[in-house]
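Chemist: First, the structure itself, so that you have it in front of you.
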Amino acid sequence: MTFIQIIDTFTFYGADIALLAAVTAILTQVLKITLLKKVQKKILTFLPFTLGTLLYAIYAAVRNLSAIYVVQNYVSVIEHGLAVGSLATLLYVLYEQFLRKKDSLSETEQVVSALIEGFVPDDCVEKVAKDVTDAILKDVTGNGAKLCEEIIGQSANEEITEHDVRLLAKLIIETLAHMAAK
């Protein structure tokens, strides 16, 4: 697509699409954090498109004062709804890449973070990764696995068993030992 075609696309769809996309992006994030916390990430990929289409259908029905309009023009409604979802996804990516301040994790903390993801809630992965890394690196007693178990156990998801936490702690210790050996 040329630059002119991209501008033409946004001109064709208008400010209503942009506003609905912003609402969709915000609503998607709220739903991910609250109601859809335990839903697979693969399914959540389609959430902005589904919400965008739904919100655009509601908007079109209100704008035309007729639900019949949505049924009669379903192709246009779906097309605009998918445009809303696409723009909402673009807004989210821009926010994540350029605006959101992320705590910078060291290489070790990134490895621990990757290993504990799914075992602890998403909103505390970074903090737990930092705590686990600090505890292991500062451990002089040789009880790194036990410290790791305690830290992860305190914030682990409810469905994670003690056995899983113990195995995860051993995996983390072995991984960090292997990294240190290189």
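The values are calculated or read from the model by the stated rules, or taken from the named source; none is laboratory data. On a predicted model such as this, the values are computed, not experimentally measured, just so you know. Reconstructed Cβ throughout: ideal geometry from the backbone, glycine too, with neighbour counts over all protein chains shown. Remember, those area values only see protein heavy atoms, side chains included, never the ligands or the DNA or RNA. Shrake-Rupley method; radii C 1.70, N 1.55, O 1.52, S 1.80 Å.
Chemist: Please compute the per residue accessible area over the stretch 16-125 with all protein chains in place, 1.4 Å probe, rounded to a whole number of Å². Write out the running numbers ahead of the final one.
Modeler: Values: 7150 Å² over 110 residues.
On a per-residue basis, the stretch 16-125 sits at 65 Å².
Chemist: Okay, moving on. Please get the size of the charge dipole for the chain, origin at its Cα centre, with Cβ charges of +1 on Lys and Arg and -1 on Asp and Glu, quoted in debye to the nearest 20.
Modeler: Details: 16 positive and 21 negative charges, 69 e Å.
Value, rounded to 20: 340 debye.
Chemist: Further question: With all protein chains present, calculate the accessible area of Leu31 using a 1.4 Å probe and round the result to the nearest 10 Å².
Modeler: Surface accessible to solvent at Leu31 totals approximately 40 Å².
Chemist: Relative to the longest principal axis of the C-alpha atoms of the chain, give the angle of the C-alpha long axis of helix 107-116, reported between 0 and 90° and rounded to the nearest 10°.
Modeler: With both axes taken from Cα atoms, the answer is about 80 degrees.
Chemist: Once amide H atoms are placed 1.01 Å from N in the peptide plane, what residues at a sequence separation of 5 or more from Val120, or on another chain, have their amide H within under 5 Å of its amide H?
Modeler: Residues meeting the amide H criterion: Asn157.
Chemist: Among 116-123, 86-93, how do they line up by average Cβ neighbours within 10 Å per residue, starting with the highest?
Modeler: 86-93, 116-123
Chemist: Which translational diffusion coefficient, to the nearest whole µm²/s, is obtained for the stretch 35-125 from the Stokes-Einstein equation, given a Kirkwood hydrodynamic radius over C-alpha pairs, 20 °C and 1.002 mPa s?
Modeler: 135 µm²/s
Chemist: Tell me which label goes with the value of Cα Rg over 2.2 N^0.38 Å computed from the coordinates here: (1) 1.43; (2) 1.23; (3) 1.07.
Modeler: (1)
Chemist: Given only helices, namely DSSP H runs of n ≥ 4 each adding -39500 (n - 2.57), what is the per-residue ellipticity at 222 nm of the chain, to the nearest 500 deg cm²/dmol?
Modeler: Taken over the chain, the calculation gives -24500 deg cm²/dmol.
Chemist: Mind checking the angle between helix 74-94 and the chain's longest principal axis? C-alpha axes, 0 to 90 degrees, to the nearest 10.
Modeler: So the inclination is approximately 40 degrees.
Chemist: By accessible area of protein heavy atoms, probe 1.4 Å, what ranking do Tyr95, Tyr59 get, highest first? Intermediate results must be reported in sequence, preceding the final value.
Modeler: Numbers: Tyr95 105, Tyr59 70 Å².
Result of the area sort, largest leading: Tyr95, Tyr59.
Chemist: Convert each backbone phi in the stretch 120-126 into a coupling constant with the Karplus relation 6.51 cos²θ - 1.76 cosθ + 1.60 (shift: θ = phi - 60°), then list the ³J(HN,Hα) values in order as whole Hz, x for Gly and Pro.
Modeler: 10, x, 4, 6, 10, 4, 4
Chemist: Now, a different point. With every protein chain in place, what's the accessible area of Thr161 (1.4 Å probe, Å², nearest 10)?
Modeler: 70 Å²
Chemist: Oh, and also: Ranked by accessible surface with a 1.4 Å probe, highest first, in what order do Glu79, Glu159 come?
Modeler: Glu159, Glu79
Chemist: So, one more: Between 0 and 90 degrees, rounded to the nearest ten: what's the tilt of helix 162-181 against the longest Cα principal axis of the chain?
Modeler: Between helix and principal axis, roughly 80 degrees.
Chemist: Stretched out fully, how many nm does the piece from Lys41 to Asp139 gain, at 0.36 nm a residue minus the Cα gap?
Modeler: Extending this stretch completely gives an extra 31.8 nm.
Chemist: Here's something else I'd like to know. At a 1.4 Å probe radius, carbon and sulfur cover how many percent of the accessible area of the chain? If you can, show how the numbers build up before the last one.
Modeler: Details: 7790 of 12250 Å².
Here carbon and sulfur together make up 64 percent of the probe-accessible area.
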